[in-house]
Every structure is written in structure tokens, then in C-alpha cells.
Amino acid sequence: MDTFTTADQALFEIDANITRHGFHATAVLGGHESPSWVYTVGLLETRHHPELITFGLPSGVAHGLIHEIVDELRLGTTRPVGREHGFDLGGTRFCLIPVLDEYWRYPCDYLLACPHYYGAKGAKVRLEALQLVWADERGNLPWEPAFQSKSAGDQPLLDQPGQYVEPDYMCWCGSEGDNCEW
């Protein structure tokens with residue numbers, strides 16, 4: 001290979017994390033207009049499970065929650081999907097909702113590394129993701145009338161169209177939530 005780019009390096013790091021941990025997690029820092037988020041790459045390949053994405057949580061917390069769900073997948077446990085299927089995880093109520101296809105296409109880059117990774121591998125997978133949605137301090141999910149949040153934009157709901165907001169910064173992190181690169 002004559003030219004080795006930073007994108008190539010990122011794909012090699014993603015592949016190494018998937019080989020080592022069964023997935024890679026990318027953290028994206030939010031800004032003035034957009035929340036932060038963390039998403040996976042590799043679950044479609046290693047667990048035949050949709051990728052995961054969650055918004056508005058500190059990256060260490062998000063990584064921990066994703067690890068809990070991946071550990072459940074390793075044990076053969078899957079969570080039900082849909083707004084009506086709330087569950088407890090680490091003392092907080094959560095729900096998994098399907099991510100619409102529009103969030104896989106340009107100009108949206110919520111899950112940017114996924115199509116690049118699978119495309120570079122020539123993988124024949126249908127890109128699918130689930131959003132891990134968190135409840136407020138009272139246990140109310142965002143679509144429930146009593147939901148209260150610091151900011152309504154903390155977690156866009158990707159089962160609805162038109163929720164994309166351009167991020168200010170991007171940070172790549174390993175599957176453990178460490179070794180972030182800016």
C-alpha cells in the first residue's frame with residue numbers, strides 16, 4: 001500500500017478491538033448544539049446483533065452499559081426491542097429502540113465507522129442498530145409525559161426521522177473507553 005491514511009489506521013484499530021473484545025466502541029463528543037454519543041462496530045459480525053448507540057451519557061458510563069449488554073449477548077441473552085419494553089440496567093431504566101435507516105446515510109454520521117468498516121472488509125451485512133435510551137431520575141423514558149431532562153436534545157430518538165445534528169468534535173476510543181484520540 002503506497003498511502004496509509006489515518007482512516008486506514010482507524011480501521012485497523014477497529015478491527016483489532018473487534019478481534020480482541022468482540023466489538024469496538026467509538027465515543028463522539030458533543031458540542032453546543034449536539035449531545036455526545038457512543039456506538040459500537042462489530043456486533044453485526046461477531047454476535048449477529050444490531051450495533052448499539054447511546055446518547056448524552058459520559059463516555060465511561062456509556063461504555064460500561066454497552067459492555068453489560070455485550071456480556072449478556074455472550075451468554076445468549078437478548079433484550080426485547082421497542083418503546084414498550086423498558087428494563088433495568090445498573091439501577092436505571094432503559095429501552096432499546098430500532099435506529100431508522102436514514103441514520104446510516106450521508107450526511108448523518110452517528111454511526112460513521114460502521115459502514116466504512118464493513119465496506120472495507122467487503123462484508124455482506126445489513127446495517128442495523130439499536131439505540132439504548134435512558135430514563136430520567138424518576139424512571140421516565142423520553143416519550144413518557146413526565147420525562148424531565150436537563151436538555152431535550154440530550155438524546156435524539158433515532159426511531160424518528162430528522163433527529164440528526166452535526167457534531168462539533170469526534171473522539172475515537174478503544175472498547176474499554178480508554179486511549180481516546182482527538
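Since every read-out is calculated from the coordinates, none of them should be taken as a lab result. These numbers were taken from a predicted model, which means no experiment stands behind them. Cβ coordinates were reconstructed from backbone atoms using ideal geometry, including for glycine residues, and neighbour counts include every protein chain displayed.
Applying the Karplus relation 6.51 cos²θ - 1.76 cosθ + 1.60 with θ = phi - 60° to region 155-165 yields 3J(HN,Hα) values of 9, x, 9, 7, 8, 10, x, x, 9, 6, 10 Hz, where x marks Gly and Pro.
The phi torsions of region 79-86, fed into the Karplus equation with coefficients 6.51, -1.76 and 1.60 and a -60° offset, translate into couplings of 8, x, 10, x, 4, 8, 10, x Hz, rounded to whole numbers, with Gly and Pro shown as x. Taking other C-beta atoms within 10 angstrom as a stand-in for reagent exposure, 59, 149 fall in the order 149, 59, fewest first. Distant-in-sequence amide contacts of residue 164, defined by a placed amide H-H separation under 5 Å and a gap of 5 or more residues or a different chain, comprise nothing. Taking other Cβ atoms within 10 Å as a rough exposure proxy, 48, 21, 63, 32 sort from fewest to most as 32, 48, 21, 63.
Here, the chain yields an orientationally averaged convex hull projection of 10.7 nm² when only Cα atoms define the hull. Once C-alpha pairs closer than 8 Å and six or more residues apart are averaged by separation and normalised to the residue number of region 6-154, the relative contact order reads 21 percent. Taking the Cα centre of region 6-154 as origin and assigning +1 to Lys and Arg Cβ atoms and -1 to Asp and Glu Cβ atoms, the resulting dipole is close to 260 debye. As a proxy for reagent exposure, ranking 87, 23 by other Cβ atoms within 10 Å from fewest up yields 87, 23. Since only 95, 10, 31 are under comparison, the one whose Cα sits farthest along the positive direction of the charge dipole of the chain, derived from C-beta charges on Lys, Arg, Asp and Glu, is 95. When each of the peptides 77-85, 125-133 is scored by the mean number of other C-beta atoms lying within 10 Å of its residues, the order from highest to lowest reads 125-133, 77-85. Grab the other residues whose beta carbon is less than 11 angstrom from that of residue 130, score K and R as +1, D and E as -1, and report the net. Result for the neighbourhood of residue 130: -2. Beta-bridge orientation, region 1-88: approximately 100 percent antiparallel, per DSSP, counting only bridges with both partners inside.
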